[in-house]
Amino acid sequence: MAIRHVSIGKEFPLYVDNEDAWRVDTAAQLWAVADGAGGTGLYAGEWAQFLVEQVPAQPFREVAEVAQWLTDQWGRFFDEFQAQAGANYLTELKFLNEGSGATLATLHQQGSLLHWSVYGDALVLSFNPATGQLLASNPALSQFTEAPYLLNWLLPCSAEGFRRGTWIKEPGQQIVLCSDTLGQYLLMGYKALQGDQDELAIVSQLPTGLGTRAVTHQAFWQAEAGNFNEQVWQPLWQALASTDTFLQHTQYLRSAQLLGGDDYTCILIEF
């Protein structure tokens, strides 16, 4: 098994703020990525970090288990950060009224089985270079056209926000856990290079940044269609060798308008 992981904030290296969080616990065969939603409530990055630290040893099987897990855990987070927010009346009011939000992706290995779960639009992807097949916790680009479902200590969990599944581990299989904007890039690149242009064409009609990137992917990959592994996946693996190379890679993708501006977090596991 080989693992590479990097996380950088949207303004890195000018600013080091990063509302993503990750957990690599190979001994426990558990990996997780959380994406703090800075536009919701307060302490999004701290909440994302809290969530990945508290991911249980057993995989989530249904949304009721996620809800119970949050019920059991959120009080410690609230006690710590309510004390901080209480120093200012308006800050405390925002915290109490809006809570803290984040998406979450998890992977548990149990023998030959890989159990994944996501809440919101974080992604788990499985790629086999031998076959060229990419599987995704949610392959639809439409998931990025609306505000994501968020885990929030203030609100109940929604069944619509939760997905889970199991993959059988194969030799050479590679798994990625990543936050949403990097996941968008990977899904768009795969759809463009594998000739699955229908959804890209629909999304490209949207007057949004996502729509603009869909247009760019359609045009960018046309000349050398069909080699996702060499053109998208392997460059990502190589970029994850260090923070500097990952920064250079994401900056290049942003300059080419293939990747939106965001915090970027990726864990890539090669079995």
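The values are calculated or read from the model by the stated rules, or taken from the named source; none is laboratory data. Note that the structure is predicted; figures quoted are calculated from it, not measured. Glycine also receives a Cβ, built like all others from the backbone with ideal geometry; neighbour counts cover every protein chain displayed. Please note that ligands, DNA and RNA were not included when accessible areas were found on the heavy atoms of the full protein model with its side chains. Shrake-Rupley method; radii C 1.70, N 1.55, O 1.52, S 1.80 Å.
Between Y149 and G120, D121, the built amide H atoms are under 5 Å apart, and every one of these is 5 or more places off in sequence or on another chain. Accessible surface comparison of S158, S100, probe 1.4 Å, protein chains only, largest first: the order is S158, S100. Remark: region 17-22, residue by residue, has Karplus-estimated 3J(HN,Hα) of 4, 8, 8, 7, 8, 8 Hz, where x stands for each Gly or Pro and the curve is 6.51 cos²θ - 1.76 cosθ + 1.60 at θ = phi - 60°. Taking Lys and Arg as +1 and Asp and Glu as -1, the other residues whose beta-carbon sits under 14 Å from that of G165 total +3.
Need one word for region 142-271: rounded, prolate or oblate. Basis is the Cα gyration tensor (sqrt eigenvalues a ≥ b ≥ c); a/c below 1.5 gives rounded, then a/b vs b/c decides. Judged from the Cα gyration tensor, region 142-271 comes out rounded (a/c under 1.5). For region 2-270, the normalised intensity computed at q = 0.10 Å⁻¹ comes to -0.50 (log10 of I(q)/I(0), Debye sum over alpha carbons, equal scatterers, no solvent). Can you list residues whose amide H is under 5 Å from A37's amide H, if they're 5+ apart or on another chain and H is modeled 1.01 Å from N? The answer is G101, A102, T103.
Relative contact order of the chain: 24 percent, from C-alpha pairs under 8 Å at least 6 residues apart in sequence. Whole-Hz Karplus values for region 185-202 come out as 4, 5, 5, 5, x, 5, 5, 5, 6, 8, x, 8, 8, 4, 5, 4, 5, 5 Hz, taken residue by residue from phi with 6.51 cos²θ - 1.76 cosθ + 1.60 and θ = phi - 60°; glycine and proline positions read x. Just the protein heavy atoms count here, and of the accessible area of region 2-270 at 1.4 Å, carbon and sulfur take up 51 percent. Counted by Cβ distance under 10 Å from F271, the other residues give a net charge of -1, where Lys and Arg count +1 and Asp and Glu count -1. What is the helix-to-structure angle for 243-255, meaning the angle in degrees between its Cα long axis and the longest Cα principal axis of the chain, kept from 0 to 90 and rounded to the nearest 10? Approximately 70 degrees, to the nearest ten.
Classified by the C-alpha gyration tensor, region 223-271 has an oblate form. Its axis ratio a/c, with a ≥ b ≥ c, is 1.5 or above, and a/b does not exceed b/c.
Around the amide H of L154, modelled in the peptide plane, lie the amide H atoms of S100, all under 5 Å away and 5 or more residues distant in sequence or on another chain. Based on protein heavy atoms only, the chain ends up with 44 Å² per residue of surface accessible to a 1.4 Å probe. Note that region 94-105 has calculated 3J(HN,Hα) couplings of 5, 4, 6, 8, 10, x, 9, x, 7, 9, 8, 10 Hz, one per residue in order, obtained from phi through the Karplus relation 6.51 cos²θ - 1.76 cosθ + 1.60 (θ = phi - 60°); glycine and proline are x. Helix 44-54 and the long axis of the chain differ in direction by around 90°, with both axes built from C-alpha atoms.
List the relative contact order of region 71-164 as a percent without decimals, with contacts defined as Cα pairs under 8 Å and 6+ residues apart. It rounds to 28 percent for region 71-164. For the chain, the longest principal axis of the alpha carbon atoms and the long axis of helix 209-220 meet at an angle near 20°. At 222 nm, what helix-only mean residue ellipticity would the chain give, in deg cm²/dmol to the nearest 500, using -39500 (n - 2.57) for each DSSP H run of four or more? Calculated from helices alone, the mean residue ellipticity at 222 nm is -11000 deg cm²/dmol.
Fully extending the segment from Q68 to D25 would add 13.2 nm, taking 0.36 nm per residue of separation and subtracting the current Cα-Cα distance.
Taking a ≥ b ≥ c as the square roots of the eigenvalues of the Cα gyration tensor, region 161-234 is oblate, since a/c reaches 1.5 or more and a/b is not larger than b/c.
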